[in-house]
Amino acid sequence: MEIVLATQNKDKIKEIKEILKGLPVKLIIFNEHSRELSVEEDGKTLEENAIKKAEAWMKETGKPALADDSGLEVDHLEGAPGVYSSRFAGENATYADNNAKLLKLMEGVEQKKRTARFKCIAVLVFPDGKKELFQGATEGIIINEPRGKNGFGYDPVFLIPEYNKTFAELGDDIKNKISHRAIAFKKVRSFLQKFLDQ
């Protein structure tokens, strides 16, 4: 079975490939092809954006397409950056820019009010219009300064209390077991195992 992976984010591609490893599925990645398809992520929710990306690539290729949208929800910021996580500090913001803006907004906020969660919505869309949605979330705390060299995005400032380490300090092995994306894509994996066994 071939599935189009509706993202061009190399970090996401690496994580998703790792989580789905071993399934009899060929993941088609765009940067291995000359196709360019720009999907404006203007949805009001993670779910809307994920569906929009998956449907666009399914229509473009005629194959099942898998997309996700993830975001960081900080309680003190009333759920921000949320759906705007990747462009929190502006349209062409780097990971460092987004982290700097977040830490500035969290200056002086006491630890117990620094709670946050990463959320991931994954969507698998089939050419017959059928849609499957999968969710994952990981709870954590926003720390005062970045720590760790692994991961991407907000990983260096997102602390997992059980480990007392940020996602960027944990390393891929643990992150790919407990992250919001890991939880959502493990559900994708279970669904595909059942689907392929039919």
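Read the figures in this text as sums done on the coordinates, not as results from a lab. The model shown is predicted, which means the values in this text are computed figures rather than measured ones. Don't worry about glycine lacking a Cβ; one is built from the backbone with ideal geometry, like all the others, and counts go over all protein chains shown.
Between helix 180-197 and the chain, what is the angle of the helix's C-alpha long axis to the longest principal axis, kept within 0 to 90° and rounded to the nearest 10?
With rounding to tens, the tilt is 20 degrees.
Rounded to the nearest 20 debye, what is the charge dipole size of the chain about its Cα centre when +1 sits on each Lys and Arg Cβ and -1 on each Asp and Glu Cβ?
Its charge dipole is roughly 480 debye.
What distance in nm separates the simple spin-label points at Lys63 and Ile178, each placed 7 Å from Cα in the Cβ direction?
3.5 nm
List the lysines whose Cα lies under 18 Å from the Cα of Lys130, skipping any in the same chain that are fewer than 8 positions away.
Lys52, Lys53, Lys59, Lys63, Lys187, Lys194
With 10 angstrom as the radius, rank Lys63, Lys26 by how many other C-beta atoms surround their C-beta, starting from the fewest.
Going from sparsest to densest Cβ surroundings: Lys26, Lys63.
If you take all C-alpha pairs in region 2-197, what percent of them are over 30 Å apart?
Considering region 2-197, 20 percent of its Cα-Cα pairs are separated by more than 30 Å.
Output the 0 to 90 degree angle, nearest 10, between the alpha-carbon long axis of helix 10-20 and the longest principal axis computed from the alpha carbons of the chain.
60 degrees
So how tilted is helix 95-105 from the main axis of the chain? Cα-based, degrees 0 to 90, rounded to 10.
The answer is roughly 40 degrees.
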